[in-house]
1. What is the one condition in (1) assigned to a helix (DSSP H, G or I); (2) farther than 21 Å from Arg246 by Cα that Leu290 does not satisfy?
2. Please give the number of the condition Ala354 fails out of (1) of a type in the set (A, V, I, L, M); (2) under 23 Å from His90 (Cα atoms); (3) in contact (Cβ under 8 Å) with a residue 24 or more places away in the chain.
3. Looking only at segment 100-157, filter to residues that are among the β-branched types (Val, Ile, Thr) and more than 22 Å from Ala301 (Cα to Cα); which one of those is modelled with the lowest pLDDT?
4. Among the numbered criteria (1) among the hydrophobic types (A, V, I, L, M, F, W, C); (2) in a helix (DSSP H, G or I); (3) surrounded by fewer than 19 Cβ atoms within 10 Å (Cβ to Cβ), which single criterion is violated by Phe274?
5. Quick check on Ser345: is it free of Cβ contacts under 8 Å to residues at least 40 places away in the same chain, small (Gly, Ala, Ser), open to solvent by 30 Å² or more (accessible area, probe 1.4 Å) and farther than 22 Å from Glu243 by Cα?
6. Considering only segment 80-93, I want to know if a residue exists there that is assigned to a loop (DSSP other than H, G, I, E, B), more than 22 Å from the chain's Cα centre (by Cα) and modelled with pLDDT under 80.
7. Going residue by residue through segment 350-365, is there one that turns out to be aromatic (Phe, Trp, Tyr), part of a helix (DSSP H, G or I) and surrounded by 16 or more Cβ atoms within 10 Å (Cβ to Cβ)?
8. Can you find even one residue in segment 316-337 that is in a helix (DSSP H, G or I), open to solvent by 50 Å² or more (accessible area, probe 1.4 Å), more than 28 Å from Asp100 (Cβ to Cβ) and in contact (Cβ under 8 Å) with a residue 24 or more places away in the chain?
Amino acid sequence: MSDPLGGAADTAIEHAAADAVARIGPLKSAAHDTQCLNCGKALVGDFCHACGQGAQSLRRPFWSLVGESIETLFAIDGRVARTLPDLLLHPGRMTRLYLDGQRARFIPPFRLYLLASLVFFVLLPVVIGQRVGFMSQVEPTFEEARAQIEESYQQGDMTEADYQEAISGVDQAEAMRRGGIPGPVASPSVNAGEEAAPAPPDGEWAGLMPKEALDAIREAGEKGDGDAARFAEVMDRPGQLAEQTRRWIPRMMFVLLPVFACLLALVYLWRRQFLFFDHLIVSLHFHAALFFAMSIGVIGAQLVGWGWVALALIIYSNVYLYRLNRVVYGRGAFSSILRTVTLDSIYFCALLSALLMAVIFGALSL
């Protein structure tokens, strides 16, 4: 990632803006007026009972306003300690209590989702992009790796064939690290006296497209085909395409919230006691739990590897969804399993479609 900290800052700003638009945080400054400045009615409490305007004065020290904004975003009160354990360790219990009216002790669902997604989308580029982990060793750079290979070769620890293969592997790894997918690399001659085979031209593969196909698209673009010219430009800059795609993924995940709520409404269409609001709360809690779990997984992957983390997340998400059907909707074991499989299948297609749209919007953003 070219600028992981910058991308993380952009994500934080977007989430803060969303929370500010929602205006769901409490205002805790004491009112200094006895009458509403908007309609003139007598004030009782922090809001006017007639017009709803807040009674708090905005003429306060700057740092007081900043502190209130931070508290609004992160809900810095006792609800964090009561919300997160229930959300992550007892799937469905907090959601059921919230729908039953016991809401004061929990973080509001929308703010909870914002907090969870913010933590994930800020943590991911920092950990992956900066190679942050809990390992004591420091990952060597590609130049250091080449130097170590050269040293081993000079000391006679490697044969000529092993040396050439190691250097070729480092070159391909560096190309992948920079955002491109390398094409076929010509194998150098193993005999020092023979002439090495010529290396393929730069850009043999742009992303997953062969050079011949890309050349044809470039030619069409030069002849006036605007779509072909833009496509060729995107394929020539795969790293920037990936960066723009990453910027669109949080937005597409936000769009999936009502989509998942609609799916829940479909599988419980005949149960009239559940409104769309109820399904939306379930969707917000489900996605918030997944984002927190993925944040833990990002850190855990530095210790156990991504394969085990991916497997754990798949199991956790399905168990969570099963428990939601059992606890929130009160369904039996077989019915919950059937609905979990159905929701998994449909939502997986919706998720792939959202990721494809993120790529498309990322390309259009270049």
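1. If we test Leu290 against (1) assigned to a helix (DSSP H, G or I); (2) farther than 21 Å from Arg246 by Cα, just (2) comes out false.
2. Failing condition for Ala354: (2).
3. Ile149
4. In the conditions (1) among the hydrophobic types (A, V, I, L, M, F, W, C); (2) in a helix (DSSP H, G or I); (3) surrounded by fewer than 19 Cβ atoms within 10 Å (Cβ to Cβ), Phe274 misses (2) alone.
5. For Ser345, the condition - free of Cβ contacts under 8 Å to residues at least 40 places away in the same chain, small (Gly, Ala, Ser), open to solvent by 30 Å² or more (accessible area, probe 1.4 Å) and farther than 22 Å from Glu243 by Cα - is met.
6. no
7. Checking segment 350-365: at least one residue is aromatic (Phe, Trp, Tyr), part of a helix (DSSP H, G or I) and surrounded by 16 or more Cβ atoms within 10 Å (Cβ to Cβ).
8. The answer is no; no qualifying residue exists.
The values are calculated or read from the model by the stated rules, or taken from the named source; none is laboratory data. It should be emphasised that the depicted structure is a prediction, and the values quoted were computed from it without experimental measurement. No Cβ is skipped: glycine too gets one built from the backbone with ideal geometry, and neighbour counts run over all protein chains shown. For accessibility, only protein heavy atoms count, side chains too; no ligands or nucleic acids. Shrake-Rupley method; radii C 1.70, N 1.55, O 1.52, S 1.80 Å.
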